[in-house]
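Here the structure comes first, spelled out in structure tokens, and everything after it is commentary.
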Amino acid sequence: MQKQQLQFIDKHITDWFQHLDGIIPNLIKNMVTETKENRFDLVTNVDKQIQNDFEAYLEKYFPTHQLLAEEKNNEGIEPYQGHLWIMDPIDGTANLVKQQEDYCIILAYFENGQPKLSYIYDYAHKIIYKAIEGKGAFMNNVKLESPEVLSLKDTIVSFGSEYVNEKLRKALYQSSFSVRYIGACGLDSVRVIKGQFGAHFNTNPKPWDIAAQFLFARELGLVMTQMDGQHLDFAKGGPFIISNKGCYEEILAIINDKH
Ligand code: IPD
Ligand code: CA
Ligand code: CA
């Protein structure tokens, strides 16, 4: 893909994010929450409306582009072919409902299976994180440097404690500086991207939870794999870790009980 084409798409997406600022406040004010598979699995009118809006936007400006997204049926999508967007319209819906903070919109653009553009929009704080293939990563258009190399004993590790057993939880507390968890995969990952956390892992993310992180990791020299170190497929999801290079091996050894 030509750089100019990526810039053209990026400009469009930036405009679309700006347009959201005109509709989200009202959606939040009149928020309607439903449950999906269990009482902790929430979806709101905000999630649905953002996704519908983006789907209509793609149909209007990029009708050949496919959309793989959380709140829709994704049958028939060919993720490794042509133009593909992966979207989590609200990542951290429980945070949106309970705290009105610490949620984000995740958007990633792939061409023939290659990540080209990535966005994580921290809406509550009005910060757009983006990565452009070959150009780097940005926070509200200010270029981000690769984080410094962090050793596990000096850094914070992030994971949902409900997903790990007691032994692993203790081992991670003992070997790291400390443990924190925001509860939105995109924003926990952003902390790694910015060097505030050494690593974030999630035992069962879906493609939309992790799609944007691939390009940030590539542009900033982070490591992103399955939790056993194997290659991670953006279209399949599954256990994942995004990590600073300085602590990746050690965390993996602890997770897989090989330390
Ligand atoms: C969830 C959040 C959460 C993670 C879950 C995700 P949602 O996304 O990212 O941090 O632990 O695996 O499903 O449901 O709020 O979009
Ligand atoms: Ca999510
Ligand atoms: Ca979601």
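The values are calculated or read from the model by the stated rules, or taken from the named source; none is laboratory data. Since this is a predicted model, take the numbers as computed values, not measurements. Reconstructed Cβ throughout: ideal geometry from the backbone, glycine too, with neighbour counts over all protein chains shown. What goes into the accessible areas is simple: the full protein's heavy atoms, side chains included, and nothing from ligands, DNA or RNA. Shrake-Rupley method; radii C 1.70, N 1.55, O 1.52, S 1.80 Å.
What the table below lists for this structure:
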| item | result |
| --- | --- |
| Every residue from region 73-118 that is among the basic types (Lys, Arg) and without any contact (Cβ under 8 Å) to a residue 12 or more places away in the chain | Lys98 |
| Qualifying residue in region 193-214 (condition: more than 30 Å from Leu68 (Cβ to Cβ) and surrounded by 14 or more Cβ atoms within 10 Å (Cβ to Cβ)) | no |
| Wholly within region 48-163, strands (runs of 3 or more DSSP E) carrying at least 1 residues that are open to solvent by less than 30 Å² (accessible area, probe 1.4 Å) and β-branched (Val, Ile, Thr) | 83-91, 104-111, 114-122, 127-132, 156-158 |
| Options Tyr57, Tyr121, Tyr61: the member that is closer than 27 Å to Ile24 by Cα, among the aromatic types (Phe, Trp, Tyr) and within 15 Å of the chain's Cα centre (by Cα) | Tyr121 |
| Among the residues listed as Glu55, Glu71, Glu59, the single one being touching an Asp or Glu at 6+ places or on another chain (Cβ under 6 Å) and assigned by the TED database to the domain that holds Lys11 | Glu71 |
| Residue among Ala199, Ala184, Ala217 that alone is within 16 Å of ligand 2 (Cβ to nearest atom) and within 14 Å of the chain's Cα centre (by Cα) | Ala184 |
| Count of region 3-29 residues which are among the β-branched types (Val, Ile, Thr) and open to solvent by 30 Å² or more (accessible area, probe 1.4 Å) | 3 |
| Test: residue in region 34-43 that is over 20 Å from the mean Cα position of the chain (by Cα), within 25 Å of Val190 (Cα to Cα) and open to solvent by less than 60 Å² (accessible area, probe 1.4 Å) | no |
| Complete set of residues in region 164-181 that are in a loop (DSSP other than H, G, I, E, B), open to solvent by 30 Å² or more (accessible area, probe 1.4 Å) and within 27 Å of Lys236 (Cβ to Cβ) | Asn165, Tyr181 |
| Filtered residue count, region 172-208, keeping only those that are within 16 Å of ligand 3 (Cβ to nearest atom), among the small types (Gly, Ala, Ser) and in contact with a strand residue (DSSP E or B) (Cβ under 9 Å, 6 or more places away or on another chain) | 3 |
| Residue in region 38-61 that is within 15 Å of ligand 2 (Cβ to nearest atom), touching a helix residue (DSSP H, G or I) at 6+ places or on another chain (Cβ under 9 Å), among the polar types (S, T, N, Q) and modelled with pLDDT of 95 or more present | yes |
| Gln18 more than 21 Å from the chain's Cα centre (by Cα) and part of a helix (DSSP H, G or I) | no |
